[in-house]
1. Restricting to region 817-844, name every residue that is outside any loop (DSSP other than H, G, I, E, B), among the acidic types (Asp, Glu) and over 23 Å from Val1066 (Cα atoms).
2. Scan region 579-595 residue by residue and report those that are in contact with a helix residue (DSSP H, G or I) (Cβ under 8 Å, 6 or more places away or on another chain) and crowded, with 20+ Cβ neighbours inside 10 Å.
3. Are any of the residues in region 724-733 closer than 25 Å to Ser594 by Cα and touching an Asp or Glu at 6+ places or on another chain (Cβ under 8 Å)?
4. Please give the number of the condition Ile704 fails out of (1) surrounded by fewer than 20 Cβ atoms within 10 Å (Cβ to Cβ); (2) β-branched (Val, Ile, Thr); (3) touching a residue at least 60 places away in the same chain (Cβ under 8 Å).
5. Output yes when any residue across region 735-743 is part of a strand (DSSP E or B), of a type in the set (Asp, Glu) and in contact (Cβ under 8 Å) with a residue 40 or more places away in the chain, and no when none is.
6. Of the residues Glu1144, Glu1194, Glu1133, which single one is surrounded by fewer than 16 Cβ atoms within 10 Å (Cβ to Cβ), on the phi < 0 side of the Ramachandran plot and part of a helix (DSSP H, G or I)?
7. Scan region 744-766 for residues that are assigned to a loop (DSSP other than H, G, I, E, B) and of a type outside the set (Gly, Ala, Ser) and jot them down.
8. So Ser724 passes all but one of these: (1) part of a strand (DSSP E or B); (2) farther than 26 Å from Arg789 by Cβ. Which condition number does it fail?
Amino acid sequence: MKRAKRVFAAVLSAALLCSCLPFSRVAAEPQQADLSFAQQFASPQGTAKPYIRWWVTPGLMNEQETKREIRQMAEAGFGGIELVAIVSMAPFGSDGWNQCMKWALEEAAACGITLDFTIGQGWPVKTPAVSDPDDVRSEQGLFYKNVAFTATEEQMTYQTDLLPFPDEQFEADRSYELVAVTAAKQIDGKYDPESVLDITDSVIGLETSSDVSGASLSWTAPEKGDWTLFYLYRQGISAKSSTSPVIDHFSRQATEAVTGYWDSALMAGELASLYENNGGNIFCDSLELGQKDKDQSAFWSQNLLEEFELRRGYDLTPYLPAIFISGYYPYYSHQKETDAQPDFDFGSAGSQVREDFYKTLTELFTENHVSVIRDWANSHNMQLRYQVYGACMEVTEPSLATDIVETESWGHKDTLDMYRTQSGVVHMNGSGLYSTESAAVISLAWAQTWTGSHRAGNEKSGPYWSDDGSNYVYTDNGNEDAGLLYHYNRQLATGVNRIVLHGFSYKSSMMQSWPGDSFMSMGNFPNEWDDKTPMWEHIGQMTDYLSRVQYVMQKGQADVDLAVYRNYNYEGYQAFDWSLNEIEQAGYTYDFTSPALLNLDHAVVTEQDGRMVLAADGPSYKALILDQRNFTGEGGGTVASSMPVDTAEKILGFAQAGLPVVIVGEAPSLTGTFNGSQQGMLEQQQRLASVMQQLEQLPTVAVIESRQGITEALAQQKVAPDASKEEPSALLSFHRTDSDADYYYLYNSDLNTPVSQSISLKGEGRPYLLDPWSGEITPVAQYTKQDGRITLSVDLQPNSNLLVALAEDGWNANSPKHHITDTTADQAIFDGDSLALRATRAGEYTASFDNGLSTSVKVKEVPQPFTLDRWSMTLSSWSRGDTPLDTLKTELGPYELDELKPWNELEGLQDVAGVATYTATFDLAEGWDAGLGAEIDFGRVSDTMQLTVNGLTIPNIDQLSNHVDIGRYLQAGKNTVTVQVTSNLANVKSNYTQEFGLIGPVTVTPYRQVSLSVPQVDKGILEKVIDYAQQQADSSAFDQVIPDVQASFASALQQAKEVYRDGSAVQQTVDLAWQTLMTEIHKLGFVRGDKTSLRLLIETAEEFQANISRYTPATAAPFTEILNAANGVYDDENAMQSDVAAAENNLLQAMLNLRYQADKSILEGLLAEAAKIDRSLYTSESMQAFDTAKDLAEVVFDNPDATQPEVDDSAKALQQAIDGLQAVNLPSRETGVQSDSSLITGSGNVKTGDASVGIVFSLFALAGAGLFLGRRKK
């Protein structure tokens, strides 16, 4: 746990969160901070509460209803309201508009709820201050007209008396500007980037660029060939009839017109203080720039050419044709699957010009629009929350300029990687909040639920939800209702931590439709989350859940395993897989990072917890992956994300500092810049290639072929997930850390299959379960701890989640002393402050504890599980009352059910919506007071439910698992279960039927609970051994003990004392402590030895060593080794008497074992004589004997360790073989060779030199010194 380094980050995050609060509530926040975690978790406040979008209708609103709805939302548990006027009878900023805002602001202040406001009416951004679509501050497009011209020797000059206009989408009768005329030569189907020319100066008679009616052109091509001339025009692209055109999002003038209108029209008089005291957010929805009917144009701004040259260092004008891709720029016509083939192909140079163009747009949007609105909002005590995606710009750079980053589920289609395109911004800049607009799903008007519902009659052969890896909700057969919590639970797994529900409408009756106007449902979007629908009956428990999850997910700082490099200019969900990839299945978390993020000051590599990480005070990435590949229309296939050279050099520095880097496939090769020329582009690419080559050679870098090898490469670099799973699964996680605890969000992302497995969480202390439904905090009863990790079992139903905190003792009021490490029972729990086992069958069960001890308990008979089939149901049906705004609630039933089914399958209830109440009973021979409890599983329920057992309401049950422990509510005899279930209005308002009600099956599983007494650790022996050891340490004899034993004894004694004082020490540790100390006590007899005689023996041995070459290697080598060992003993101050005596004996024996090398001179002479013998003169039989003797003599002669008898014997044998040689055709008694008889003794032995008597004399001398093999007493 990186708590020491996280204090500043936590304080900064808290400060940023507090800055989001309105003035009226700032004073109250410190009181919240003074509360314990448990108190704040039970009742979260401030930014932890969910927000909701409110579709308001200024001009149709009245004060009473406006204030009632705000008060209703505050009482329901929402922390903020985002006001969006999708329909308005009062113009934006008019008196009627301002009156409605004044009512809302006054009531919000009274209720302690925050209001957020859109920067304009609708989106993209508009303002009454820019009302003319031909105003240069309105959204601009660049159009082209291309004309082919073939320059030949006969005709090199192109001429026209009338400058042509672009075809179709350009409106020549509107205001326009001729930006440029350019030319480019086409070679083999592609345009040559070296040939491009700005030929605007060739236009004749142009008085103003806004009128070309009198202009002509005459241009002479510089060389023969196929040329194309491009006429480039700027024009506003909003409809000519529009009175509220979209502003130019790249123009500071346009943005300042927006903020200026706010100052003059919306914040005049007392409204300014109301807005500032409210202190909410200015909100901008997703960009969605461009017009679908102008999809041949490119984004443009009045001063773009000047800005481009200032920023990129070259003139874009001659290269303008390269930026055009039909259908690419407008959001609603964007071909998101690929970067489509450009209209004019300039090869790789064209793609790099476009990246320069997108980069310039990104910077202009960030500096002239986002930052301007943010600074203005901050000056009025507001913050900017902006969805900066939806255009051809890189998203992290403008996201960094916002106060609050926001994403959405609808536009991203629940694709996890789309949320990660911005998550790195939140985690790197420490802003704390990652907001989301959730969970709009088209075609689900009135039909969305909290927990998911099935369409009636939509039967499938397999699981209801797809199990082929395709998107659950957005299917080819129409969108499905997986429930709002499904969308949000997925987002939480990427670090999103505040929801803005989408949404509900002001209760008006303009459309005369019950239960009131729903303007988003007119566009087939959900949903009404207010009191117009039955689901509102349970709103409190849903907002409680959201608040508690968000409170935890906003704590401290995110800890993310990996950073994945990505540099892309038009983010869309189509670029990513919806299903989980390999690294997600393996348990890793990751953010996408970009050049903008890696350029932050704190994007540095430092050591943390023994390893090198990136941004230690932020997400602490443990590795960087270069993996993301983008489609390209030039040549097909994909290329790695472009990478500026300075970014590559930073990454090289990271790897050199020790950060693991994994390169998937080919390393980046494009730098994202044309750099002014083909040569300049190539030079940048060569620099990048050089850096990548250096990078690939580093030991911290792995290069792999495909994504399938990432997890193996990470494992080799010892990079493990913070939440490490025992096997790949659909379980997702997210980790946050503050100064007090580690927090983990665990989520089963599969809608079909439960997850049951062990998971190892990085962190210290004890694990606690944080129940976001009830607000309870419960210590985990069974887990293990090892190497800074805590391992526990996770069982999650589909779409269910779990919050776990790891914290030291004292973090929670209930900090148990011991826990269970293993048990044979079904479950181990904490009940109050004691451990207990639960079992569903009779038998004897064991439990092992963290103190190393164990115990067993017996469980008596337990009733068998049973199904509750018979239910009585009543239904409060919601329908239109006397007016479109009145709801009539009609009580229907009771209906006696022998089996559970959706209520739409009951006669007469097919088109009914409302609140159903189900009641069932069952008998038990014993109750909770006798240790008998039960868990109840409700199977399928749609939508939300409340549960009562024996008249007692069980607070806020888990709406996702539908599994509840009802043990403490049970009694002997009859037990009554009552379930209340709500629906939406789909079966009344939509054209299809959804399944609602208690659908089941409902299963009751009884259990017996047995409390445990934890066996206590026995320290009696340890205490006695410590007392004895202390007495020995205090005695004078201890000073005579060798130093090593003194040191190890003192260490063992100190450790034993620490174990004795440690109240959590397990029995195994206690026993090991006294046994180790006992061993040290036994060593106290190890006193220093007398080395006098050893010194004398070594001195004599050194004389032998000086002439060691005279002795055989077989005896000299061990002698030298033993002599060295004896010297070691002599020099060792810890050597005891036994060590000294052993050294003496070993050395003396080695001296006695020394043997002189044998005299081989005679044998050498015989071998020389034998070599001269002419083999042709002797019989083969005699030569065979001769060869045998000669071979043996050569072996003995070559053996340095041969003894003298071995040498003499081989010489004698060779002499006899020579004497025995028989000449051919001679009698056998005649010899063929005469040897030198002087070499042979009278007895027939070979003569040798005189034997040395040196060793004998030495031994006599040693014996005289009293050293002869004597063993000393200790």
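1. Glu844
2. Result: Ile583, Glu584, Ala586, Tyr588, Tyr590, Asp591, Phe592, Thr593, Ser594, Pro595.
3. So far as region 724-733 goes, yes, one or more of its residues are closer than 25 Å to Ser594 by Cα and touching an Asp or Glu at 6+ places or on another chain (Cβ under 8 Å).
4. Of everything listed in (1) surrounded by fewer than 20 Cβ atoms within 10 Å (Cβ to Cβ); (2) β-branched (Val, Ile, Thr); (3) touching a residue at least 60 places away in the same chain (Cβ under 8 Å), Ile704 misses just condition (3).
5. Yes, region 735-743 contains at least one residue that is part of a strand (DSSP E or B), of a type in the set (Asp, Glu) and in contact (Cβ under 8 Å) with a residue 40 or more places away in the chain.
6. Of Glu1144, Glu1194, Glu1133, the one residue that is surrounded by fewer than 16 Cβ atoms within 10 Å (Cβ to Cβ), on the phi < 0 side of the Ramachandran plot and part of a helix (DSSP H, G or I) is Glu1194.
7. Across region 744-766, the qualifying residues are Asp750, Leu751, Asn752, Thr753, Pro754, Glu764.
8. With (1) part of a strand (DSSP E or B); (2) farther than 26 Å from Arg789 by Cβ applied to Ser724, the lone miss is (2).
The values are calculated or read from the model by the stated rules, or taken from the named source; none is laboratory data. Treat the numbers as computed from the prediction; the structure is a model and nothing was measured. Cβ atoms come from the backbone with ideal geometry, glycine included; neighbour counts cover every protein chain shown.
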